[in-house]
Protein chains: 2
Amino acid sequence: MKRTTIIDIAAALGVTPSTVSRALAGNPRVSELTRDKVREKALEMGYQPNVVAAALRRGKSDTVGMVVPRINRHFFSHVISAVEEVLNPAGFNLLICQSHEKAELEKLAVQVLLKNRVAGIILSHALETIDFSVFESAAREKVPVVQFDRVHTAVAGPRITNDNFSGAYLAVKHLIKSGYKRIAHLTGSLNINVYQERYRGYKYALEEAGLPIDIGVMENSITRETGYESTLSLLQQTRFDAVFCAGDFAAIGAMQALHDKGLSVPSAMGIVGFANEPFSDFITPRLSTVEQNAHDMGHLTAKALIRAINGKAPMEADWEEVVPVRLLVRDSSMRGETTAY
Amino acid sequence: MKRTTIIDIAAALGVTPSTVSRALAGNPRVSELTRDKVREKALEMGYQPNVVAAALRRGKSDTVGMVVPRINRHFFSHVISAVEEVLNPAGFNLLICQSHEKAELEKLAVQVLLKNRVAGIILSHALETIDFSVFESAAREKVPVVQFDRVHTAVAGPRITNDNFSGAYLAVKHLIKSGYKRIAHLTGSLNINVYQERYRGYKYALEEAGLPIDIGVMENSITRETGYESTLSLLQQTRFDAVFCAGDFAAIGAMQALHDKGLSVPSAMGIVGFANEPFSDFITPRLSTVEQNAHDMGHLTAKALIRAINGKAPMEADWEEVVPVRLLVRDSSMRGETTAY
DNA sequence: AGCAAAAATACAAACGTTTGCACAAAAAAC
DNA sequence: GTTTTTTGTGCAAACGTTTGTATTTTTGCT
């Protein structure tokens, strides 16, 4: 059975396709009477608009592309949901791609999105990405790009980031208040804005308190496995009584390494993570961590994109919006004797 | 700057757009010489095909739609990745939608996909879904649908499921072998094939061992919260020494409830979950669970869809493929005295 | 009733491909 | 050397919308 088109509706009603198109679009240039007739007929004939044809004609689709490193990270999946909450009511739908942390896949994804003539792109970079030339194509084709969380100034357009600096600062300050004095740090690649900022916050808190900042910082220690290994290395290299981890997975790894070495958390060692992964709340001891507001971030990102699509926001004027974070104090950083905090 | 089209390339080369189209498509009706020239020019001019126009002309896009309840479930996100692994090399790309377990959103998502003229749809139903009429539209428009995990026979097309029966059977049999005798069950809605099958496996194992099957079965207890509440209820209603949970989140809830009541796992109470969520391995005690093979499931699903798209598999012939699962025995179900297993 | 202005609709071109068919040139067959 | 076949291109229509402009119809005024 052929699909019904506006031409079929037009024929059935004795009007032209253009009238049908305008009627369905709610264009005030068609009378209320015919508009109602058209809508009724469309419903009756089970009409489903062909958005592909519309996209071709208009040169833009109602689809927004979103590229994230992985969809199964708590933070990213929540940002995605929040973005949907804004975009769907606005008539857009989301094409989600994963870069799997690979620069090449990220580039490919962006190209696919451009080929599909998406209305705009929302993106958080892969860890690897250092070449941003694809985004010039996007700019050339006037497809707005909004970056969130892992952002880079080499790409034009709005950037929505977490307040990583303050999060790290609060986390470390809390460790200090709890009585820990020699605080190490596990982080990701310091090429990424996110980890740079957390590192900055970490250092700032230590400096402010007059504590040593050269205890030990391990880069590329962001997974459970690398967190585990790096903690073992640290134990051999240096002396410390707490670890601030730039991610919860690393914190879990650190916890296990400490456990395996017979060091108890939080009495012998304090740990604070980052991201508030769902498991953080029901491991033993419960992990103190920094909660990112994925919901607000998604909303802000989506709204920024809509503004950019509607041309309200010149893409050249790329500004940065910072979303506040929140420290969640749980067991892993609470020394019995200093619970006073 | 205008985008380059095949018309531009044609003009630059003094040929017609049709030749360019055929050249780029690798059609044998154009000579090797012109094909190479066209390809070179396309590269030189930075040509990006307009897949929207192609989709309109062909009546089909290279996009496949995928609808899942939520993308942040370990199982679903891994199926998605596996589907991508098959689909991307085959030239398709994925449009991912979430139903958030709502029947209405699922229906909406399918409609959006149909409007976008996707080549096919991959879907796992929301818990709520009981009305399958949208899928008749899909069938009418000859858009193949492949269901996975949460499937329903009311929808035409291939179904790829986990071996939920065997998984549950193995889990409960293992509890029995470990010495537990009164085994309760937390499950989801028994309208869903997935939970029906797990329930069947649970009962079968108990019957086989001659153990009572009326200890206590709590429906709609699949989240951490409901798992917690249901376990407390069970403790009041009945006497039991183990719980088989149809999901890991419920198992976590159960564990916490038991912990709060001073019942230790696994010595006083055995617990086995289902799904092998990533946290299952690093909570205390480590949770025994049934691992689903998301990778194989994704591959099989994607391949089935590609077959259906290519018309190799008549949609009417809807068959079911079952993916084996694996029991992971960890601490939560191992009584000290019966570790012999 | 007559005319201008406003409102509603029709016409037709465009968006960038793909593809059946026609056609010319080259190659093969007789 | 003519006819047939093969091979490579061109032509033009189609896919289903949207939208600027032209045309018709209605409305409001005098």
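The values are calculated or read from the model by the stated rules, or taken from the named source; none is laboratory data. Nothing here was measured: the structure is a model prediction, and the numbers come from that model. Because the Cβ atoms are built from the backbone with ideal geometry, glycine has one as well, and the counts that use them run over all protein chains shown. Heavy atoms of the whole protein, side chains included, go into the accessibility calculation; ligands, DNA and RNA do not. Shrake-Rupley method; radii C 1.70, N 1.55, O 1.52, S 1.80 Å.
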In terms of modelled amide H atoms, which long-range or inter-chain residues lie less than 5 Å from the amide H of A:GLU277? A:ASP248
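So what is the calculated 222 nm ellipticity per residue for the protein assembly as shown, using -39500 (n - 2.57) for each DSSP H run with n of 4 or more, over all residues, to the nearest 500 deg cm²/dmol?
Values: 24 runs with 292 residues, N = 682.
Helix-only estimate at 222 nm: -13500 deg cm²/dmol.
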Efficiency of FRET from Cβ geometry, A:GLU207 and B:ASP260, R₀ 45 Å, rounded to 0.05: 0.55
Could you derive backbone 3J(HN,Hα) for region A:275-281 from the dihedral phi with the Karplus parameters 6.51, -1.76 and 1.60 (θ = phi - 60°), listing whole Hz in sequence and x where the residue is Gly or Pro? 2, 6, 4, x, 6, 4, 7
Measuring from a point 7 Å out along Cα→Cβ, what nm distances, shortest first, does B:LYS115 have to its partners in the other copies? 2.5
Nearest-10 value in Å² for the accessible area of B:ARG117, using the 1.4 Å probe: 20 Å²
First obtain the Kirkwood hydrodynamic radius of region B:221-331 from its Cα pairs, then insert it into the Stokes-Einstein equation at 20 °C and 1.002 mPa s, and state the resulting D in µm² per second as a whole number. 136 µm²/s
Describe numerically, in nm with one decimal, the distance between label points set 7 Å from Cα along Cα→Cβ at B:VAL322 and at B:GLN236. 3.9 nm
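Normalising by the residue count of chain B, find the relative contact order in percent from Cα pairs under 8 Å and 6+ residues apart. List each step's numbers first, then the result.
Working: 659 pairs, mean separation 57.1, N = 341.
For chain B, the relative contact order is 17 percent.
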The answer for B:ALA242, listing residues at least 5 apart or on another chain whose modeled amide H is closer than 5 Å to its amide H, is B:ARG182, B:ALA184, B:GLY270
Quick check: pseudo-label points 7 Å beyond the Cα along Cα→Cβ at B:HIS152 and B:ASP296, how many nm apart are they? 2.8 nm
With a 1.4 Å probe and every protein chain left in place, tell me how much accessible area B:TYR169 has, in Å² to the nearest 10. 40 Å²
For the pair A:GLU225 and B:LEU190, how long in nm is the line joining their label points, each one 7 Å along Cα→Cβ? 4.3 nm
Note: the protein assembly as shown, point scatterers on Cα, Debye, no solvent; log10 I/I(0) at q = 0.07, 0.08, 0.11 Å⁻¹ equals -0.56, -0.72, -1.21
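Calculate the dipole size of region A:6-49 relative to its Cα centre from +1 charges on Lys and Arg beta carbons and -1 charges on Asp and Glu beta carbons; express the result in debye to the nearest 20.
160 debye
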Beyond 19 Å, what percent of the Cα pairs of region B:80-150 remain? 32 percent
Most fluctuating residue of A:SER280, A:SER264, A:SER230 in a GNM of chain A with Cα springs under 10 Å: which is it? A:SER264
Convex hull projection area averaged over all views, region A:142-269, Cα basis, nm²: 8.1 nm²
Backbone HN-Hα couplings from phi across region A:126-133 [Karplus 6.51/-1.76/1.60, Hz, Gly and Pro as x]: 5, 4, 6, 3, 9, 9, 10, 5
Cα extents of chain A along the three principal axes, largest first (Å): 85, 38, 35
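With charges set only on the Cβ (+1 for Lys and Arg, -1 for Asp and Glu), what does the dipole of region B:43-153 come to about its Cα centre, in debye to the nearest 20? Walk me through the numbers before you get to the answer.
Details: 12 positive and 12 negative charges, 61 e Å.
Charge dipole of region B:43-153: 300 debye, to the nearest 20.
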Work out the mean other chain Cβ neighbour count within 10 Å for the residues of A:272-284 and drop it here as an integer. 3
Shortest-first distances to equivalent copies, position A:GLY262, nm, label 7 Å out along Cβ: 3.3
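With an 8 Å cut-off on Cα pairs and a minimum separation of 6 or more residues, tell me the relative contact order of region B:6-49 in percent. Mind showing how you got there, number by number?
Numbers: 33 pairs, mean separation 16.1, N = 44.
Contact order relative to length: 37 percent.
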I'd like to know how region B:1-54 sits against the 2.2 N^0.38 Å rule of thumb: what's its Cα Rg over that expected value? 1.03
Could you work out the relative contact order of region A:182-341, using alpha carbon pairs under 8 angstrom and six or more residues apart, expressed as a whole percent? 20 percent
Space enclosed by the convex hull of the alpha-carbon atoms of region A:1-158, per residue, Å³: 144 Å³
Pseudo-label separations to other copies for B:ALA139 - Cα-to-Cβ vector, 7 Å, nm: 5.2
Given the options B:ALA268, B:ALA246, B:ALA302, which has the most mean-square fluctuation in a GNM of chain B, springs set between C-alpha atoms less than 10 angstrom apart? B:ALA268
Can you sort A:LEU232, A:LEU258 by 1.4 Å-probe accessible area, starting with the largest? A:LEU232, A:LEU258
For B:GLU128, which sequence-distant residues (separation of 5 or more, or a different chain) have an amide H within less than 5 Å of its own amide H, given hydrogens modelled in the peptide plane? B:ALA103
